[in-house]
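A.B. asks: Mind looking over this structure? Questions follow.
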Amino acid sequence: MKRQLVALLSTALLAITVSGCASTTEPSASSPASGTAPGLTLQQVKDAGVLKVGTEGTYKPFSFHEGGTGALTGFDVEIITAVADKLGVKASFEETQWDAIFAGLEGNRFDVIANQVTINEQRSAKYLFSTPYTVSTGVLVTKADNTDITSFEALKGKSSAQSQTSNWNALAKESGANVQAVEGWAQAVTLVKQGRVDATINDKLTYLDSQKTKNDPSIKIAAETTEKSESALTFRKGSEDLVKAVDTAMGELEADGTLAEISNKYFGEDVTK
């Protein structure tokens, strides 16, 4: 489940809501918050030859170790590695738990977070974001032969399997569903396939990742939210020069097809726009 979606429109049936010191010759455009390290310029990163990246390393398919013990890989890992290549530097990864990842950025442990950070108002007040590289929606998943549920409104009086701590749980309740608590996607979709619940709501990336692996014809997307969540690379305030260069790199990677290629590798379709 996409843990970064933190904003939910409470009145709608929609969920969205997925280092070094500043140079004296190139001053930061924004002052960092109290207790936060200064931002970085592109030149500082080039001088270091390394872009230090904070990521979890346990969040498949975005940032994980193949087979549990293999090399670090994943959608986000490949995206930021391609960006670093465009900048002419190496990507160096610092793995950390999600609960500590923003503190690591603020404390100068790394220069950027690449870990499906969803853009929202609260984070935008504290950090800088690159051009989004993941765009996603919420999806309502049913059995493939279900013809009764074709919208979120149709969930009223139906049953839906949801993790109690997720935003999708709230959306299911707002839609009028009778919610059955589960631990996550795997358990939820099993109950749907067994006919023990009518549906489940989750992030589209979760569904696409599952289908890319299992290609299960017994389930389908019955409805999709119109509101979208956007995830982006996250930087400290004061890194405007670096973010501008990263955005240029992302534009080049989109133009040459690299972003779409990486996306199709993990999700079977382009989720970058």
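A.B. asks: Q162 versus (1) of a type in the set (S, T, N, Q); (2) in a loop (DSSP other than H, G, I, E, B); (3) open to solvent by less than 10 Å² (accessible area, probe 1.4 Å): which is the lone unmet condition?
C.D. replies: For Q162, the failing item is (2).
A.B. asks: Which is surrounded by 16 or more Cβ atoms within 10 Å (Cβ to Cβ) and at negative phi, of T131, T147?
C.D. replies: When all the criteria are applied, what remains is T131.
A.B. asks: Okay, moving on. Pull out all pairs, ordered by first then second residue, where Cβ-Cβ is under 9 Å, the residues are six or more apart or on different chains, the first lies in region 99-110 and is over 15 Å from R123 (Cα atoms) and part of a loop (DSSP other than H, G, I, E, B), and the second is open to solvent by 40 Å² or more (accessible area, probe 1.4 Å) and among the polar types (S, T, N, Q).
C.D. replies: Close Cβ pairs satisfying both conditions: F110/S92.
A.B. asks: Contact list please: Cβ distance under 8 Å, first residue in region 248-273 and on the phi > 0 side of the Ramachandran plot, second residue part of a helix (DSSP H, G or I), pairs at least six apart or on different chains.
C.D. replies: Every condition considered, the pairs that remain are G268/L208; G268/Q211; G268/K212.
A.B. asks: OK, next. Any chance region 247-255 includes a residue that's in contact with a helix residue (DSSP H, G or I) (Cβ under 6 Å, 6 or more places away or on another chain), buried (at least 16 other Cβ atoms within 10 Å of the Cβ) and at pLDDT 95 or above?
C.D. replies: Checked region 247-255: at least one residue is in contact with a helix residue (DSSP H, G or I) (Cβ under 6 Å, 6 or more places away or on another chain), buried (at least 16 other Cβ atoms within 10 Å of the Cβ) and at pLDDT 95 or above.
A.B. asks: Any residue in region 224-237 that is within 22 Å of T200 (Cβ to Cβ) sitting within a Cβ distance under 9 Å of a residue that is of a type in the set (D, E) and assigned to a strand (DSSP E or B)? List the pairs, counting only those 6 or more apart or interchain.
C.D. replies: Within 9 Å, the pairs are S229/D203.
A.B. asks: Okay, moving on. Hey, can you tell me all the residues within region 165-180 that are assigned to a loop (DSSP other than H, G, I, E, B) and either open to solvent by less than 50 Å² (accessible area, probe 1.4 Å) or aromatic (F, W, Y) (or both)?
C.D. replies: Scanning region 165-180 gives S166, S175, G176, A177.
A.B. asks: Another question, if that's okay. Looking at Q97, Q116, which one is open to solvent by less than 10 Å² (accessible area, probe 1.4 Å) and of a type in the set (S, T, N, Q)?
C.D. replies: None of the other options fit; the residue is Q116.
A.B. asks: Taking E183 as the residue in question, decide whether it is farther than 17 Å from I221 by Cα, surrounded by fewer than 19 Cβ atoms within 10 Å (Cβ to Cβ) and either in contact with a Phe, Trp or Tyr (Cβ under 7 Å, 6 or more places away or on another chain) or not β-branched (V, I, T) (or both).
C.D. replies: Yes, satisfied.
A.B. asks: If I ask for residues that are of a type in the set (D, E) and within 19 Å of the chain's Cα centre (by Cα), which ones from region 169-220 would you list?
C.D. replies: Of everything in region 169-220, those that are of a type in the set (D, E) and within 19 Å of the chain's Cα centre (by Cα) turn out to be D203, D209.
The values are calculated or read from the model by the stated rules, or taken from the named source; none is laboratory data. Fair warning: this is a prediction, and the values are worked out from it, not measured in the lab. Quick reminder, even Gly has a Cβ in these numbers, built from the backbone with ideal geometry, and neighbours come from all protein chains shown. Only protein heavy atoms, including side chains, enter the accessible area calculation; ligands, DNA and RNA are left aside. Shrake-Rupley method; radii C 1.70, N 1.55, O 1.52, S 1.80 Å.
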